[in-house]
Every structure is written in structure tokens, then in C-alpha cells.
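Right, one structure below, let's go through it.
None of the figures in this text is laboratory data; all of them are computed from the coordinates on show. All values reported here derive from a predicted model rather than from experimental measurement. Cβ atoms come from the backbone with ideal geometry, glycine included; neighbour counts cover every protein chain shown.
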Amino acid sequence: MAELVGGFLIPHDPLIAVIPDAPAPHHAESITRGMERVASRLRELEVDTVITVGDDHYGMFGPGCIPACLIGIGDVEGPLEPFLGFARAPIPNDEALAAHILRVGFDEGIGWSYARSLVVDHSCAVPYYLCYRQVPDVRMIPIYLNDGVDPYVPVALARRIGESIRRAVRTHPGNERVAVIGTGGWSHWVGAPEMGRINEAFDAQVNTMIAAADIDALATLSDATVLATAGNGALEFRNWILAMAAVGATSGTLLSYDAVPAWVSGLGFAELHAPQPVGAGRD
Amino acid sequence: MSTHAVELALWTIVADPRDGARFAADPDAFLAAFRLDDDERAIVRSLDVRRLIALNLNSMLVMNAYCALNGFQNIPAYLQMLNGGARG
């Protein structure tokens, strides 16, 4: 059976790729080290499939159809945005596991949308090109939550999806070693007048929740409060909730945190820990 | 004012560079395909980002539309427009 062997939280800020030299050198170096450190852990854990939890920024899905949650089960390529500077190219997917996650989710009442052909935006492409690509032969299953267009995916649903993915991986008749990675920023405003502001007090509060893998505490963050104090970008905490629930995390190690005004976001890296080998527990 | 048609027009500009080019070349012809009233058409035509945000349109979409037409590197100019020259 496939096995969940790890979980991480990492940034997907497009500005890391677009203007890499804009921040103070110690910030840029910290983000580079974070990407390398997660890639190193993926290699140590012998991960061959990374389930990446991203979110559309109103560039992939239009007003005609905005999926609450979507999984790519077929061809994947990226990035969507030419300005990132990565040549758009196919990204290997683990189609068998992705399809199994979809079917298990349907059986459990998850209202998945799915894509047979998907061009991923920076929320999956930046982690892929800056981190996962350092891991030989790694495949990526892209998952998108609607964190960006009101009404947003309910936090409780993000958690249920994570729990469903956990069960799906454990029942998948493959031999994959799987990591789940939630992507996104801490406080940040995207396209709003406050863009560039970072609320380090909010970020410190979230870091405490991550260290305890306290999904309940994260889930108490109301959208109105987050929007007012940490920005529309911070609604990406749903991605972390999904990852934590999928891993069954009971604690997290904050690998680094940087408030980087030049990249308009609080940016961090964390490793999620389960009480025993992630794939060996019971549900 | 309904924001839905405005968002559809902006998203169409964002989603395909060829549509962005069509808008840039002839905004009125491009916008004729959308169910916009005169005020909406004027706001989109001028890409008045302050008014678009004030109308409670999705700020990511407004920024994406601006960047589709002016380049991602011009986000400082976008912010300057958005904040009335107070920052950039």
C-alpha cells in the first residue's frame, strides 16, 4: 500500500521567482535555504509523490466555474504565468493515486471537481520548480482549494478533504511514498491597497498554531478577521489545514519565518509531524 | 451594479493574452460582447483600479487585469494608482 511519510508547509509567492534579488540578502537566502531544506527532507524520506495544495488566484478558473476543490488527475503542466520565468513544461503526475483520491472522496461525499488536463499557476509551480524538482523522479498531484474568490471553500471542508486524502493514500494499492505539502503565505494582501503590509503579530500567532498543529485553533480564524488583519492572501491557511489533516499532524517544526516586504508577504517553512510513521496509524 | 459581468470582462482579459490584446487595440469592440451598463463599461475601459476595488471587485482579479495589460513588473505603478499616489 502507499504510505504517507511526510508533510510540509512552504511558500508559493511568485515574487520569489520574478524578483529574486529584491529583498535584503538574508531574507532571500533564508527562502532559498528553506526550499533546499524541504527538498532535502523529501529526498531523505524517499518521497516519490508530492500532493501539493495550492489555490487559484483568479487566473485559472473564471466566473463561469469556480471549483471549491479540484484535483488534477491527468496531464499537468505549468506554470500558467509566463512572467514567472519558468518555461511551461509538463509536470509528472501520479495519475493512479490522484484518481483513487478522487474516487474515495466521492464515496465520502467530497464534492471534488477534477481536471484531466490542468495548467497550474504559481501556487503549485513555484514549489515544483524551486523545491520538488531537486528530488529525482518526483511526481506531483495538484490540488486547488478556492481561497481567493468569495464564497471561499469552507474551512471544515478543507479539513474533511485532508482526512479523506489520508484514507485514500492508505488504501491505494501502490507503493508510493507520499508527502502532502500545503503552500501559501502568512499575512499578505494581494492586489489590495494594503499590498506590501505584513502583520507579524498575526504571523506569530499562526506560528504557534503550526507548532502545535492546532487545526482547531486555525479553524477558529474567521474570514472577516483574517481579511481585516492579515489580508486576502492569508486565507490560504486553508491549504495548511488540509495538509495537517492529511498528515494527521500533532505537531510542527517551524523551519524558518521571514517577513519580506519586498515580496509582500510573511513567508515560512514548516515540517509537520505525526505521532508515529504517518502511514502506520489507524483511522 | 452587478459585479459579475465586470469580473467576467476582466477575467477574459486575464485568461488569454489574445483577448488582452483585443481589449488594448479596441476596448469598445471588445467590451461590446459583455452585458455591461454604461458606467461599468467606462470603468473597465479606463481600467480605473481604484474604482474597481471600491466596487468590491476581487482585488486579485483587478491586479491580474492590470498586469495583463501593463506587465507584472508594473505592480508598483498599480499600487500607486490604487493608493492615489500615496505609495508606489
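Provide the net charge surrounding B:W11, with neighbours chosen by a C-beta distance below 13 Å and charges set as Lys +1, Arg +1, Asp -1, Glu -1. Walk me through the intermediate numbers first.
Working: positive: none; negative: A:D56, B:E7, B:D16, B:D19.
For residues surrounding B:W11, the net value is -4.
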Check: Can you run phi through the Karplus equation (6.51, -1.76, 1.60; θ = phi - 60°) for the stretch A:174-185 and list ³J(HN,Hα) in whole Hz, with x for Gly and Pro?
Finding: x, 10, 5, 9, 10, 10, 10, 10, x, 10, x, x
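Can you sort A:Y152, A:Y114, A:Y58 by how many other beta carbons sit within 10 Å, fewest first?
Lowest count first: A:Y114, A:Y152, A:Y58.
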Checklist line | Order of A:C65, B:C67, A:C124 - criterion: other Cβ atoms within 10 Å of each residue's Cβ, fewest first | finding: A:C65, B:C67, A:C124
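Report the convex hull volume per residue for the protein assembly as shown, counting only C-alpha atoms, in Å³. Display every interim value, and only then the final one.
Working: hull volume 47.0 nm³, N = 371.
Hull volume normalised by residue count: 127 Å³.
Please report the antiparallel percentage of DSSP beta bridges with both residues in the stretch A:3-280, rounded to the nearest 5. Before the final figure, lay out the partial values.
On the way: 17 of 42 bridges.
Taking every DSSP beta bridge with both residues in the stretch A:3-280, the antiparallel ones total about 40 percent.
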Next item on the list: Using only the Cα atoms of the stretch A:4-79, build the gyration tensor, take square roots of its eigenvalues as a ≥ b ≥ c, and label the shape rounded, prolate or oblate: rounded if a/c is under 1.5, else prolate if a/b is larger than b/c, else oblate.
Entry: oblate
Check: By count of other Cβ within 10 Å, fewest leading, how are A:W263, B:W11 ordered?
Finding: B:W11, A:W263
Check: Rounded to the nearest 500 deg cm²/dmol, what is the calculated helix-only ellipticity per residue at 222 nm for chain B, with -39500 (n - 2.57) per DSSP H run of length n ≥ 4?
Finding: -20000 deg cm²/dmol
Notebook entry, point to check: What is the calculated FRET efficiency for A:A211 to B:A24, with r their C-beta to C-beta distance and R₀ = 51 Å, to the nearest 0.05?
Noted result: 0.55
Next item on the list: Find which of A:S164, A:A219, A:M1 sits farthest along the positive direction of the dipole of the protein assembly as shown, computed with +1 on the beta-carbon of Lys and Arg, -1 on that of Asp and Glu, about the Cα centre.
Entry: A:M1
Notebook entry, point to check: Which shape class, rounded, prolate or oblate, goes with chain B when its Cα gyration tensor gives a ≥ b ≥ c as root eigenvalues, a/c under 1.5 marks rounded, and past that a/b bigger than b/c marks prolate?
Noted result: oblate
Notebook entry, point to check: Which is farthest toward the positive dipole end of the stretch B:3-82 among B:L82, B:T3, B:A42, measuring Cα position about the Cα centre, with Cβ charges +1 (Lys, Arg) and -1 (Asp, Glu)?
Noted result: B:L82
Next item on the list: Calculate the dipole size of chain A relative to its Cα centre from +1 charges on Lys and Arg beta carbons and -1 charges on Asp and Glu beta carbons; express the result in debye to the nearest 20.
Entry: 440
Notebook entry, point to check: Per 10 Å bin, what is the whole-percent P(r) computed from every C-alpha pair distance within the stretch A:160-219?
Noted result: 17, 35, 28, 16, 5
